[in-house]
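Asks: I have a structure here, written as structure tokens, and I will follow up with some questions on it.
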Amino acid sequence: MTQEPLVLDEIIHQPVRLRIMTMLVSIPESDRVSYGFVQKSLDLTGGNLTTHLRKLENADYLNVTKEFHNQKPRTWIQATVAGRQAFAEYFTNLQKVLSWRPES
Amino acid sequence: MQSTNDSSPENSWNTIHDTMDQSRSSMYLAGMNTILLMWGGLMALGYLGQFAIMSLASDFVDRSPWVFAPFWLVVVAIGLVASSIIGHRASKSRSDGDAARNAGLRVFAFWIVVVAAAFLIPGAAGLWNDDTASSIPGVAIGIIALGYTLFGIMHRPALAVVGIGIAAAYFIPDYLLGDIAAAATALLMLAVVFAGAFWLRKSDVA
């Protein structure tokens, strides 16, 4: 019986987006992180981060919300349930890819 | 951190683990830069105060050598309150939710234990008497420096170096400079802490 080929989710697999998603799924579901924290932690330019966030947001993997706190704008980023599921699936597939050995 | 352009499965695996470690550590370091600077200023003021008391009221210090223990207790209490306020504000600007709050509580508990040990261990070692009270600051500084070093080993090497620097800033003048040791320690402590804060700022710690 032939097995389905393993496919890694291309949206998550891109290295910068992988780091963003890893950061978001490593905190509890109810938590959000600020845009500035993600940018500084991952050492990204604002334009680069915004481009990748848009791709992840379009895939419904995260939510970006803008709020005002003490009259200062703040942008929050939170992984969605679909994003967490996609990351879990990506992680499982990555493990399978790494443990795969050709049959002799 | 792995190269961000390499999307091989092996690199992706390493990226996931590195990013998880880094983001967890970052939660524990909220506000650390500002907190370090604040402690540098506070310690320098403390040692300058100690130097002033030793110079202006030397008879009183000779009669009551333990006087610096309550003096430092007040200084450290001010520092702990200020640290928790700075840490809380920094943490709220990074993340909102359980992860940041729990990390903040753990960091606060870690430093409370270190500071409590700095005061209690000299007591347990029998140093709280007129003959040996002058050794208390050395033991206390050693424990605080150990706290920085352990915290740094777990989260950022720069903090471990700051811990070693704090110990050096106290023990070297204390050993070599006699009466002006406290003033020299104040300046060296400022230098160590500002250098540490600069190093942290160059990394990802705000």
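Asks: Kindly report the accessible area of chain A per residue (heavy atoms of protein chains, probe 1.4 Å, no ligands, DNA or RNA), in Å².
Replies: Solvent-accessible surface per residue comes out at 60 Å².
Asks: Below 21 Å, Cα to Cα, which lysines can B:LYS92 reach? Residues fewer than 8 away in the same chain don't count.
Replies: Excluding near neighbours in sequence, the set is A:LYS40, A:LYS66, A:LYS72.
Asks: So what's the gap between the Cα centers of the stretch A:79-101 and the stretch B:1-77, to the nearest angstrom?
Replies: Measuring centre to centre over Cα atoms gives 39 Å.
Asks: Would you kindly calculate the translational diffusion coefficient of the stretch B:84-206, applying Stokes-Einstein with the Kirkwood radius from alpha carbon pairs, for 20 °C and a viscosity of 1.002 mPa s, and quote it in µm² s⁻¹ without decimals?
Replies: D = 134 µm²/s.
Asks: Using just the helices of the protein assembly as shown, give the 222 nm mean residue ellipticity in deg cm²/dmol: DSSP H runs with n ≥ 4 each add -39,500 (n - 2.57), and the total is spread over all residues, rounded to 500.
Replies: That comes out to -24000 deg cm²/dmol.
Asks: With a point put 7 Å past each Cα toward its Cβ, work out how far A:VAL97 is from B:ASP21 in nm, to one decimal.
Replies: Calculated label separation equals 2.2 nm.
Asks: On to the next question. Using +1 at the C-beta of Lys and Arg and -1 at the C-beta of Asp and Glu, which of B:GLN22, B:ALA99, B:LEU73 has the Cα lying farthest in the positive direction of the dipole of chain B?
Replies: My answer, from the dipole projection, is B:ALA99.
Asks: Let me check against my output: what whole-number percent is the relative contact order of the stretch B:47-188, with C-alpha pairs under 8 Å and at least 6 apart?
Replies: On the way: 104 pairs, mean separation 35.1, N = 142.
Result for the stretch B:47-188 is 25 percent.
Asks: Mind giving me the FRET efficiency for A:GLU89 and B:LEU73? R0 is 45 Å, r the Cβ-Cβ distance, nearest 0.05 is fine.
Replies: 0.25
Asks: Are there DSSP H segments in chain B that both extend 15 Å or more along their axis (alpha-carbon positions) and score a mean Kyte-Doolittle hydropathy of at least -1.0? List them, or say none.
Replies: Result, helices passing both filters: B:32-56, B:68-94, B:98-124, B:136-154, B:157-176, B:181-202.
Asks: To continue, here is another question. As I understand it, the value is the acute angle between the Cα axis of helix A:15-25 and the longest principal axis of the Cα atoms of chain A; what does it come to in degrees, rounded to 10?
Replies: 70
Asks: What does the structure give for A:8-20 when I average, per residue, the other chain Cβ atoms found within 10 Å of the residue Cβ?
Replies: Details: counts 3, 0, 1, 0, 1, 3, 3, 10, 3, 0, 7, 11, 1.
Neighbouring Cβ atoms belonging to other protein chains average 3 per residue here.
Asks: How high is the relative contact order of the stretch B:1-120, in percent, counting Cα pairs under 8 Å that sit 6 or more residues apart?
Replies: Relative contact order for the stretch B:1-120 comes out at 34 percent.
Asks: Only four residue types carry charge here, +1 at the Cβ of Lys and Arg and -1 at the Cβ of Asp and Glu. Report the dipole size of chain B about the Cα centre in Debye, rounded to the nearest 20.
Replies: Result for chain B is approximately 540 debye, rounded to the nearest 20.
Asks: Any idea what the relative contact order of the stretch B:113-161 is, in percent, if you count C-alpha pairs under 8 Å spaced at least 6 apart?
Replies: Worked out over the stretch B:113-161, it gives 32 percent.
Asks: Taking R0 as 45 Å, what's the FRET efficiency between A:THR65 and B:PHE194 from their Cβ-Cβ distance, rounded to 0.05?
Replies: 0.75
Asks: Oh, and also: With no solvent and one point on each alpha carbon, what is the Debye value of log10 I(q)/I(0) for the stretch B:31-133 at q = 0.16 Å⁻¹?
Replies: Here log10 of I(q) over I(0) equals -0.80.
Asks: What's the average, rounded to a whole number, of partner chain beta-carbon atoms within 10 Å of each residue's beta-carbon in A:26-35?
Replies: That works out to 6 on average.
Asks: Quick check: at a probe of 1.4 Å, how many percent of the accessible area of the protein assembly as shown sits on carbon and sulfur atoms?
Replies: Taking all protein chains in place, the protein assembly as shown shows 62 percent carbon and sulfur surface.
Asks: A further question follows. Rounded to the nearest 100 Å², what is the sum over both chains of accessible area buried where B meets A, with a probe of 1.4 Å?
Replies: Buried: approximately 2400 Å² between A and B.
The values are calculated or read from the model by the stated rules, or taken from the named source; none is laboratory data. Just so we're clear, the structure is a prediction, and the values are computed from it rather than from any experiment. Neighbour counts run over all protein chains shown; Cβ positions are idealised from the backbone, glycine included. Ligands, DNA and RNA are excluded from the accessible area calculation, which covers all protein heavy atoms including side chains. Shrake-Rupley method; radii C 1.70, N 1.55, O 1.52, S 1.80 Å.
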